[in-house]
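Values quoted throughout were computed directly from the atomic coordinates according to the rules given, and no laboratory measurement underlies them. Please read these numbers as outputs of a predicted model, since none were measured by experiment. Counting neighbours? That spans all protein chains shown, and the Cβs are built from the backbone with ideal geometry, glycine included.
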Amino acid sequence: MKTHTNTFLLRFCGSTGSFLPVTALALTLIGSTSAAMLEGSAPKTWPADPEKHKSEVHRKAADNKQEALIAAAEAAQPDQKALREAAAKENTFVEDKQWWYKMALETRIPFAITGKAIEYYLKTVENNGKQTLKAYAQPTSSVDYQAAVAFQKEFTSGEKTFKNVHVVTLKLKFSQNFVTDQTSGMFFTKQRVVILDEAGKVLHISGDGPTEVPIMVM
């Protein structure tokens, strides 16, 4: 029987909405697998496999003060007006203290990295590892979260300059392939920088806003 190699398209859920071809190698780099399919083949049932669904969380704090600064940065809410404007473009209803602004492949997409957002992605990946799934390729998912604090005598963000502040950097990476859809996957990265004073008061936040989410289609 004649065989052919899987073809993947990469669709960016951002401003362009364009499609780009994705090689099997590129797909592997973000945690997915590729395989040759026979024409007319059917999706396979994949048993629950926690090893294919990985979570990493690293909050780098030297002492209790830095732990409190990270907690304050994670608790800071995004600008509600900006969030509602972004959500309105996606026809998404916004509730109080919401951190996401739209859905993609049945998954919430972040407007801001908050503690609630991290809890959501950790739970999502954990639940993925407990499910029996049906797909043409091995379902995988992962979340990698890094938080760190640095004291800066002077720090500039945009057109603003701050002195003697603590800068908390939050970095999030998430991928989910063939979990909510038998032939599709998604991934994104996002960073949030929160500037706080000596008392732990939030002075400025950068990085909040719509997130570009490439969607892979087999």
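Brief remarks follow.
- Under 9 Å, Cβ to Cβ, from Ala148 - net charge with Lys/Arg +1 and Asp/Glu -1: +3
- Rounded FRET efficiency, nearest 0.05, which uses the C-beta distance separating Ala61 from Thr183 and R0 of 35 Å: 0.25
- Candidates per trypsin sites (Lys or Arg not before Pro) in the range 90-178, loop by DSSP, up to 13 other Cβ within 10 Å: Lys97, Lys130
- For the set Lys97/Lys173; Lys52/Lys171; Lys160/Lys201; Lys97/Lys153, the pairs lying more than 24 angstrom apart at their alpha carbons are Lys97/Lys153.
- FRET efficiency, Ala150 to Lys54 (Cβ-Cβ, R0 25 Å, nearest 0.05): 0.40
- 17 Å Cα-Cα reach of Lys163 towards aspartates and glutamates, excluding residues that sit fewer than 8 places from it in its own chain: Glu154, Asp197, Glu198
- For the range 103-196, GluC sites (Glu not before Pro) meeting the loop criterion (DSSP other than H, G, I, E, B) and having at most 14 other Cβ atoms within 10 Å: Glu106, Glu159.
- Neighbourhood net charge (11 Å Cβ-Cβ; Lys/Arg +1, Asp/Glu -1) for Ile70: +1
- Computed from backbone phi, the HN-Hα couplings of the range 103-116 come to 10, 9, 6, 6, 10, 6, 10, x, 8, 8, 8, 10, x, 5 Hz, rounded to whole numbers (Karplus: 6.51 cos²θ - 1.76 cosθ + 1.60, θ = phi - 60°; Gly and Pro given as x).
- Gyration tensor (alpha-carbon) shape descriptor, the range 54-182, a/c threshold 1.5: oblate
- Counting charges near Lys97 (Lys, Arg +1; Asp, Glu -1) among other residues having Cβ under 14 Å from its Cβ returns a value of -3.
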